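First the structure, in the form of structure tokens, and then the observations on it.
Just so it is clear, none of the values below were taken in a lab; they were calculated from the coordinates. Model, not experiment: these values are computed from the prediction. Heads up, the Cβs are rebuilt from the backbone with ideal geometry, glycines too, and the neighbour counts pull from every protein chain shown.
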Amino acid sequence: MAEQDEVKRRAARAALAHLPEEGVLGLGTGSTACHFVDAVGELVRAGRKYAGVPTSERSRQQALSLGIPLLSDEGPWEIDVCVDGADEVSADLDLIKGGGAAHTREKIVNYASRLNIIVVDSSKLSTRLGEKWPIPIEVLAYGHKATERLLAAYGRPVLRMTGGQPTKTDAGNVIYDLHVEPIKDAGGLAGLLALVPGVVGTGLFVGRADIVLVAGQDGIRTLERPRGAR
């Protein structure tokens, strides 16, 4: 576990080379992004002029504890760089996110950012999305069993539970993890799932990663989306 955490830390700190000298940063959620927020806190204490937009209450509390100034929740924001993790990264650099139940907020911040950097370890890479990870789907608590029935047309939806109760997002919604076969058309599936009544947001991030930093035992690899592809 300690070795894996060190790999995640290296991936997160590799993103520092892509930050401006000052500006607004999107602060991701999850075990790898947590290391990035720690590093931003170090830079702020050293005098860098950064403000953050957190993607969850967890990243908010972490940033506040480190003295990172935060912008309001309302937006709109002009975010220079967002650094976040992912649960799975395809060969096309599409993503599945949402293992931490924050993917709707993460997607809002992602779309408000000029540059999106994803930091992962090599275990998160796959050829197609869905090979290793189900698709997290945030669903309104009202009528969520009706939404579950509709989601079953696309795979096997499983209500995520924590401590014997449905897992709740920061917005008070529930999460269904949709187990699917490896996805041939991630963009098409994302569009169909978005139309299901009750769905707030999906963990499919199609065309939303500009740079993916992959940490492994042999160092850091940089994968980049071709210019103009997003």
Counting Lys and Arg as +1 and Asp and Glu as -1, what is the net charge of the other residues whose Cβ lies under 11 Å from the Cβ of E22? 0
By how many nm would the segment from I108 to R221 lengthen if fully extended, with 0.36 nm per residue of separation less the alpha-carbon distance? 38.0 nm
Of the candidate values [x] 49, 33, 32; [y] 51, 38, 31; [z] 52, 38, 36, the one computed for Cα extents along the principal axes in Å from this structure is [z]
Over the chain, with a Gaussian network built from C-alpha contacts below 10 Å, which listed residue (L204, L43, L115) shows the highest mean-square fluctuation? L43
Quick check: the distance between the Cα centres of region 68-83 and region 110-141, to the nearest angstrom? 20
Specify the inter-centroid distance of region 145-169 and region 1-40, based on alpha-carbon positions, in whole Å. 31
According to a simple spin-label model (label point 7 Å from Cα along Cα-to-Cβ), what is the distance in nm between A152 and Q4? 3.3
Checked against the positive end of the charge dipole of the chain (+1 on Cβ of Lys and Arg, -1 on Cβ of Asp and Glu, about the Cα centre), the farthest of I117, A152, G216 is A152
Select from A39, A209, A153 the residue whose mean-square fluctuation is largest in a Gaussian network model of the chain (Cα-Cα springs shorter than 10 Å). A153
The size of the Cβ-based charge dipole (Lys, Arg +1; Asp, Glu -1) of the chain about the Cα centre, to the nearest 20 debye, is 220
Please figure out what share of the DSSP beta bridges in the chain is antiparallel and state it in percent, rounded to the nearest 5. 55
Using only helices, what value at 222 nm comes out for the chain when you add -39,500 (n - 2.57) per DSSP H run of length 4 or more and divide by the total residues, to the nearest 500 deg cm²/dmol? -8000 deg cm²/dmol
A correct fewest-to-most ranking of D185, D218, D87, D38 by other Cβ atoms within 10 Å would be D218, D185, D38, D87
Loop by DSSP (not H, G, I, E, B), at most 10 other beta-carbon atoms within 10 Å: where is the longest site-free stretch of the chain for GluC sites (Glu not before Pro)? 75-230
Testing the spin-label approximation: label points 7 Å from Cα along Cα→Cβ at L16 and L140. State their distance in nm. 4.5
Between E57 and K132, what FRET efficiency follows from the Cβ-Cβ distance if R0 is 22 Å, with the result rounded to 0.05? 0.25
